[in-house]
Amino acid sequence: MKASDAIDRLFEGKPATLRATYDRLISELKQFGVLKESAKQTSIHLEKGSGFAGIHPRKTYFNLEFRTDYEIDDPRIVRLQKISAHRFEHTVKLEQESDVDGQLLEWLLDAYELSR
């Protein structure tokens, strides 16, 4: 099975706006450089060499998790976990294409650059 088929399956039965939001996110992230989408059973890992973000589709939104070497204090962060002395995992809820904005992309670029 192709990776794109597995990704399609994760968005089956969900609003078209959710897939459009995912596609917009991927389009923006590809501008950073190498990007691999790795579909798992219930999520999609985004990888440069190692993983830098994860997408967890729900019924009407998806959670985007990413790691930085600093803590982000912003109302968009719905979950924050300190995973080591210098690593923080952040979760943002995405529902529509406009959620993929400059601020989010700055955070994701930091996560991307942190990845090896």
Task: Residues being surrounded by 16 or more Cβ atoms within 10 Å (Cβ to Cβ) and in a strand (DSSP E or B) - total across the stretch 21-41 - done: 2
Task: First in the stretch 1-25 and farther than 15 Å from residue 58 by Cβ, second anywhere and part of a helix (DSSP H, G or I) and at pLDDT 95 or above, Cβ under 7 Å, 6 or more apart - done: 20/97; 24/97
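For the stretch 42-50, state whether one or more residues are loosely packed, with under 14 Cβ neighbours inside 10 Å and either assigned to a helix (DSSP H, G or I) or within 12 Å of the chain's Cα centre (by Cα) (or both).
The answer is no; no qualifying residue exists.
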Open item on the list: Being touching a helix residue (DSSP H, G or I) at 6+ places or on another chain (Cβ under 6 Å), of a type in the set (Lys, Arg) and within 19 Å of residue 98 (Cβ to Cβ): is that true of residue 24 here?
Closed with: yes
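Residues are listed down the side, and each one gets a yes or a no for (1) touching a strand residue (DSSP E or B) at 6+ places or on another chain (Cβ under 6 Å); (2) of a type outside the set (Gly, Ala, Ser); (3) in contact (Cβ under 8 Å) with a residue 24 or more places away in the chain:
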site: 55; (1), (2), (3): yes, yes, yes
site: 67; (1), (2), (3): yes, yes, yes
site: 85; (1), (2), (3): no, no, no
site: 99; (1), (2), (3): no, yes, yes
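The values are calculated or read from the model by the stated rules, or taken from the named source; none is laboratory data. Here the structure is a predicted model, which is why all the values come from computation and not from measurement. All Cβ positions, even for glycine, are placed from backbone atoms using ideal geometry, and neighbour counts span all protein chains on display.
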